[in-house]
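Engineer: Right, I'll just put the structure down here and ask away after.
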Amino acid sequence: SAVLKSDAVIVPAETVHRSLLDEIEELRLPFPPKNTHIRHQGICEIRNAPECTGTGPGISRAEILTRIGVASDDPKPIIVLGVGWVQPRKGVDLFMETARIVATASDRPVRFIWVGANFQPDDMRFGVYLANQRARSELAEVVYFFEEQPHIQTFLELADVFFLSS
């Protein structure tokens, strides 16, 4: 119904387009719609820099725990991990909203760690919104951002939950 009522429907890949066409056909709607278009998100460039190939130094478990406010003699909090470029499509805002809900409801300490480039609190497009959400939701001691890492294994080992919020 939404496809038929729209002037244009943009999908990010041929696979999504095929799925859309299959659903329209299954629902016995007018077929094929002339208003659907594929706009690819771009190619994935493979870079050879050390930070992209995993040959650079990684961050240690102790460094991660220190940065998220956990002293060496403190019990380990529940750690929820999100990974990806900080942008709206990755659901970072949903990650933070989930952090707010979980931190409020949990009787155990919890930390939400996001690992990925592009968190810029002064960026007027998305960073300011995230920084504001983090401050207003009182998540400064719950949600932590780490830059893109050459090795993510240590984060995965520390995490109790991997949260794919895309």
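The rows are residues; the columns are (1) over 17 Å from the mean Cα position of the chain (by Cα); (2) in a strand (DSSP E or B).
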{"position": "G82", "(1), (2)": "no, yes"}
{"position": "D107", "(1), (2)": "yes, no"}
{"position": "Y144", "(1), (2)": "no, yes"}
{"position": "L156", "(1), (2)": "no, no"}
{"position": "S165", "(1), (2)": "no, no"}
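Engineer: Please work out which residue is farthest from H40 (Cα to Cα), limiting yourself to region 8-30 and to residues that are open to solvent by less than 70 Å² (accessible area, probe 1.4 Å) and part of a loop (DSSP other than H, G, I, E, B).
Structural biologist: L29
Engineer: Any chance you could count how many residues in region 121-142 are touching a residue at least 24 places away in the same chain (Cβ under 8 Å) and assigned to a helix (DSSP H, G or I)?
Structural biologist: 5
Engineer: For the condition farther than 20 Å from H151 by Cα and either modelled with pLDDT of 90 or more or among the polar types (S, T, N, Q) (or both), what is the one hit in V70, V83, V128? Show your work before the answer.
Structural biologist: Values: V83 fails: farther than 20 Å from H151 by Cα; V128 fails: either modelled with pLDDT of 90 or more or among the polar types (S, T, N, Q) (or both).
From the options V70, V83, V128, the qualifying one is V70.
Engineer: Sticking with this structure for a sec: Within the set of pairs 6+ apart or on separate chains, which have a first residue in region 102-120 that is surrounded by fewer than 16 Cβ atoms within 10 Å (Cβ to Cβ), a second that is not β-branched (V, I, T), and C-beta atoms under 8 Å apart?
Structural biologist: Partner pairs satisfying both residue conditions: R108/P77; A117/W85; A117/E147; A117/E148; Q120/G127.
Engineer: Kindly establish whether R89 is open to solvent by 50 Å² or more (accessible area, probe 1.4 Å), out of contact with any helix residue (DSSP H, G or I) (no Cβ under 6 Å at 6 or more places or on another chain) and either among the aliphatic types (A, V, I, L, M) or modelled with pLDDT under 85 (or both).
Structural biologist: On the way: open to solvent by 50 Å² or more (accessible area, probe 1.4 Å): yes; out of contact with any helix residue (DSSP H, G or I) (no Cβ under 6 Å at 6 or more places or on another chain): yes; either among the aliphatic types (A, V, I, L, M) or modelled with pLDDT under 85 (or both): no.
Spelling it out, it is not the case that R89 is open to solvent by 50 Å² or more (accessible area, probe 1.4 Å), out of contact with any helix residue (DSSP H, G or I) (no Cβ under 6 Å at 6 or more places or on another chain) and either among the aliphatic types (A, V, I, L, M) or modelled with pLDDT under 85 (or both).
Engineer: Exactly one of these conditions fails for H37: (1) at pLDDT 85 or above; (2) part of a loop (DSSP other than H, G, I, E, B); (3) loosely packed, with under 11 Cβ neighbours inside 10 Å. Give me its number.
Structural biologist: H37 satisfies all of (1) at pLDDT 85 or above; (2) part of a loop (DSSP other than H, G, I, E, B); (3) loosely packed, with under 11 Cβ neighbours inside 10 Å except (2).
Engineer: Let me ask another. Looking only at region 121-137, count every residue that is among the aliphatic types (A, V, I, L, M) and either more than 18 Å from G84 (Cα to Cα) or surrounded by fewer than 15 Cβ atoms within 10 Å (Cβ to Cβ) (or both) and tell me the total. Talk me through it step by step, then tell me what you get.
Structural biologist: Taking region 121-137 first, the residues among the aliphatic types (A, V, I, L, M) are 124, 128, 130-131, 135.
From what's left, either more than 18 Å from G84 (Cα to Cα) or surrounded by fewer than 15 Cβ atoms within 10 Å (Cβ to Cβ) (or both): 124, 128, 135.
Of the residues in region 121-137, 3 are among the aliphatic types (A, V, I, L, M) and either more than 18 Å from G84 (Cα to Cα) or surrounded by fewer than 15 Cβ atoms within 10 Å (Cβ to Cβ) (or both).
Engineer: Turning to a different aspect of this structure: May I ask you to list the residues in region 138-162 that are over 14 Å from K76 (Cα atoms) and open to solvent by less than 40 Å² (accessible area, probe 1.4 Å)?
Structural biologist: Across region 138-162, the qualifying residues are L139, V143, Y144, F145, F146, P150, T154.
The values are calculated or read from the model by the stated rules, or taken from the named source; none is laboratory data. These numbers come from a predicted model, not from an experiment. Here Cβ is always computed from backbone atoms with ideal geometry, including for glycine, and neighbour counts include all displayed protein chains. With ligands, DNA and RNA removed, areas are computed over all heavy atoms of the protein, side chains included. Shrake-Rupley method; radii C 1.70, N 1.55, O 1.52, S 1.80 Å.
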